[in-house]
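Colleague: This is the structure, below, for whatever I ask next.
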Amino acid sequence: MKKSKLYLLASFCLTSSVLFGCGKEKEELSTKHLTAVIENTFKNIDDAQYEQTEIPSTVPDWVYERFETHMTSEELENFLSTGTYQIAVLAYLNDKTIQIKDLSIDHKNDYYELCWTTQVKDIHANVEILQVEASAQLDTNGLVTYLNINDMFELQKILENQSP
């Protein structure tokens with residue numbers, strides 16, 4: 001009798017750890033694409049990538065490379081139409097670099113809340129810090145179906161602000 005209870009308890013513990021471990025693993029997998037979109041949005045560009053932005057009426061190849069595999073086609077079109085990817089271009093034009101830190105993703109019922117710290121550094125090593133918040137939705141494959149980044153106007157002002 002005691003052996004059967006011990007086996008039952010061991011089985012319960014093993015099953016619980018597998019289930020809870022899988023839940024966390026699934027959550028990390030589902031936010032993998034969302035994390036990539038945020039990181040790629042604020043990833044700096046180089047000279048060659050900037051040159052691609054100078055071609056009128058075309059979206060540069062590097063934009064598709066950064067985002068196409070992480071978003072649904074509908075959200076990618078929306079993302080491109082809003083010009084959100086232009087944040088990296090604006091930083092390049094003003095000799096600034098962007099770095100994000102402390103990205104946190106909180107899963108709510110049917111959406112995600114995001115928060116991170118954005119650091120903008122100019123060529124004189126001056127740093128401006130902005131807390132940024134966003135909300136997003138994902139499909140069953142973890143692809144981003146909706147993304148709204150708050151504080152973009154404030155970030156744009158920081159990027160456009162010329163250093164003394």
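Colleague: Find all pairs meeting these conditions: Cβ atoms under 7 angstrom apart; at least six residues apart or on different chains; first residue within segment 135-157 and among the small types (Gly, Ala, Ser); second residue open to solvent by 40 Å² or more (accessible area, probe 1.4 Å).
Modeller: Listed pairs, sorted by first residue: SER135/TYR111; SER135/GLU113; SER135/ASN148; ALA136/TYR111; ALA136/TYR146; GLY142/LEU29; GLY142/LYS32.
Colleague: Provide a single number: the residues in segment 100-153 that are in a loop (DSSP other than H, G, I, E, B) and over 20 Å from LEU80 (Cα atoms).
Modeller: 11
Colleague: Give me the residue from segment 111-127 that is open to solvent by less than 70 Å² (accessible area, probe 1.4 Å) and in contact (Cβ under 8 Å) with a residue 24 or more places away in the chain and, out of that set, farthest from GLU68 (Cα to Cα).
Modeller: If we take residues in segment 111-127 being open to solvent by less than 70 Å² (accessible area, probe 1.4 Å) and in contact (Cβ under 8 Å) with a residue 24 or more places away in the chain, then ASP122 is farthest from GLU68 (Cα to Cα).
Colleague: Assess whether GLN137 counts as being more than 14 Å from the chain's Cα centre (by Cα), surrounded by fewer than 18 Cβ atoms within 10 Å (Cβ to Cβ) and at pLDDT 95 or above.
Modeller: It is false that GLN137 is more than 14 Å from the chain's Cα centre (by Cα), surrounded by fewer than 18 Cβ atoms within 10 Å (Cβ to Cβ) and at pLDDT 95 or above.
Colleague: Looking at segment 87-99 only, could you name the residues that are surrounded by fewer than 16 Cβ atoms within 10 Å (Cβ to Cβ) and within 15 Å of the chain's Cα centre (by Cα)?
Modeller: GLN99
The values are calculated or read from the model by the stated rules, or taken from the named source; none is laboratory data. Just so it is clear, the structure is predicted and the values come from calculations on it, not from any experiment. Counting neighbours? That spans all protein chains shown, and the Cβs are built from the backbone with ideal geometry, glycine included. Side chains are part of the model used for accessible areas, which takes the heavy atoms of the whole protein and leaves out ligands, DNA and RNA. Shrake-Rupley method; radii C 1.70, N 1.55, O 1.52, S 1.80 Å.
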